[in-house]
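Notes follow the structure.
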Amino acid sequence: MTTAGALPSPALAGRTLADLDYAELSAIALAWFARIDTVAGAPVPLAHVRPRLNALRLSSLERLLRPRTAVERALYELFAMARVRRSVLCYLSLQEGRDWDGAGGEFAHHALLLRQILQQVGRRAVVSVGVSLFGRRLRLRLDPLRHVRALYLDCLTYGERANRPFARTRQRFLFRAQAWLLHAGFRNLVSYRLRLGRRAAIDELLRSRSVRRNAALFLLILFPSARTLDGEQWSLLLDRLAEYFAPRLHALRELLPVDSLLNHGIAKLLKILFGVVVSRIAARPAADTDEITFVVDTLRLAYCWGTTYPLVDNVLDDAATPADVRGALVTGLTRLFSGDAGDAEPGTPPLALEAIARLREVLTLCPAPRLPAIRQTLAMLLESHRRDSERRLSHLPTVTDAGLIDAVWSDSVLKAALIRIATMEICGTPVTAERLSAQLSAALINQWGDDLWDIGEDCAGDRVTPFTLYVRDPRVRNPFVFFVEYCRRRVAAESPDRQRAMYLGVLETCRCLIDAPPSDPAVALLATGAMESALAGAGWVEDGERLKDVPHVDPDAVTFGIEHAFLR
């Protein structure tokens, strides 16, 4: 090991994706992994983190609130995340490879928006539900988080053991009642209408007054420049969006596999949608002044690109996907990305047809001069998905060879990096060598954190990741140690805020592994033991009891919890 220094970046030598093929990019990733091992990480002083967590008194709030249902638990986790919003923004900066925490001197629009959302959690009611009472229609303004905040302020002021049973029981009752009403109202508004299975029901939902009113507010927040539109223009904008989305949401509802929905397909779609909106706004030319067309085209692009998660990524990853669907997807997308504009082959399954149609629409929304670079990036992304999806734990040889380990490690990083690079390409952001390097670095934290979190699901689904490969054969290189050490070294020279965020992010991952261990006891014992050993080796030691009050700093965790609570 050399002396402590800056963590190396992938050695691209000024080259971009236009100068590389997939094999060369894999070789760069593997060489980068080897160089990481040669840098000794400086110790990260984190003695101040535990006192700060204790001062938040989140464990006391949880004991007073006693969340019971999945909805109540998801709302509590959202409130807890809002208490550490600075760490949330710092962790997103490390995860996404872009400035979310204002390190560049000012907050970008997307970062300011998220910070304001988290800051307002529980401060005022933002949801209304209509109910009928004695023949009269009443509208109740609901927000269970207001009562969580009231209970939290009471806990901070008087302490957990103060003799205030009536006030605390009242707030707890109101929280549970409003959480139930919110859940019931959502299922009545959305779930029931979608189960009708008619396009007209979705169109009626999108054109309802309540949805249009909330959609207008949502669009105004996402697109600040839309404040220049007058009433007639807003009506035209909402009509165009309803006309576009009604048939496509109906098709998605009909074709989306249940396994893809259970694998957070909708939450991932929304995450990609937000990323596309942010990137498109940042890359918008000054000469583009047609606000309605810009908003509509941005949301079209965001939706079509977002469907790659539920209709492509999740489908290819699922071992239960029929061979004809998998083959048709890969064949159709390969033809599309090679520039073939012809129709799909006869007999192509409907799911593959929808995915190909949406990605073809993505290409129509991109400027013609950028299409060669976009197609090349998409082809490399498809190759990473194909390589990853073709591997199954049950089909691997008994003895794991070094070539397989290298391929699994590099493909896992490239798959996550290329989806972000492709998003930048289709949104008009130039992908320089520096941006490519930054996305490769961020992808290791992002993808490996997800793989570690999902180790139980991946083992049950027969999927191959660096972590499932290790629990199958512990003689291979230990990814738990590599991941924790990389995270520690990554922030050794960063600000104390980012160091704290990374520490909380790693502990959050460990907490989720302990709270929801793999169903196989042997896998659970090996995975939790390997993670605890890696934390101890890095000097980030926490016992299981103290991990329980570590709040989420990864918004995906809370988003997935809310999706699970409201959609299942």
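The values are calculated or read from the model by the stated rules, or taken from the named source; none is laboratory data. Computed from a predicted model, the values in this text were never measured in an experiment. Using ideal geometry, Cβ is built from the backbone for each residue, glycine included, and neighbour counts are taken over all protein chains shown. SASA here: full protein model, heavy atoms, side chains in, ligands and nucleic acids out. Shrake-Rupley method; radii C 1.70, N 1.55, O 1.52, S 1.80 Å.
Of note:
- Within the accessible area of the chain (1.4 Å probe), percent carbon and sulfur: 57
- Relative contact order (percent, whole number), the chain, Cα cutoff 8 Å, 6+ residue spacing: 21
- Accessible area per residue for the chain is 45 Å², calculated with a 1.4 Å probe on protein heavy atoms, without ligands, DNA or RNA.
- Extension gain, residue 232 back to residue 173 (0.36 nm per residue minus Cα-Cα distance, nm): 16.9 nm
- Rough spin-label spacing in nm, given labels placed 7 Å along Cα→Cβ, for residue 162 and residue 495: 3.3
- For 450, 21, the ranking by accessible surface with the largest value first comes to 21, 450, using a 1.4 Å probe.
- Sorted largest first by accessible area at a 1.4 angstrom probe radius, with every protein chain in place, the residues 293, 334 fall in the order 334, 293.
- The overall shape of segment 465-536 is oblate: from the C-alpha gyration tensor, with semi-axes ordered a ≥ b ≥ c, the ratio a/c is 1.5 or greater and a/b is no larger than b/c.
- Available extension along the chain between residue 66 and residue 282 is 73.5 nm, counting 0.36 nm per residue and deducting the alpha carbon span.
- Accessible-area value, residue 434, 1.4 Å probe, nucleic acids and ligands omitted, Å²: 130
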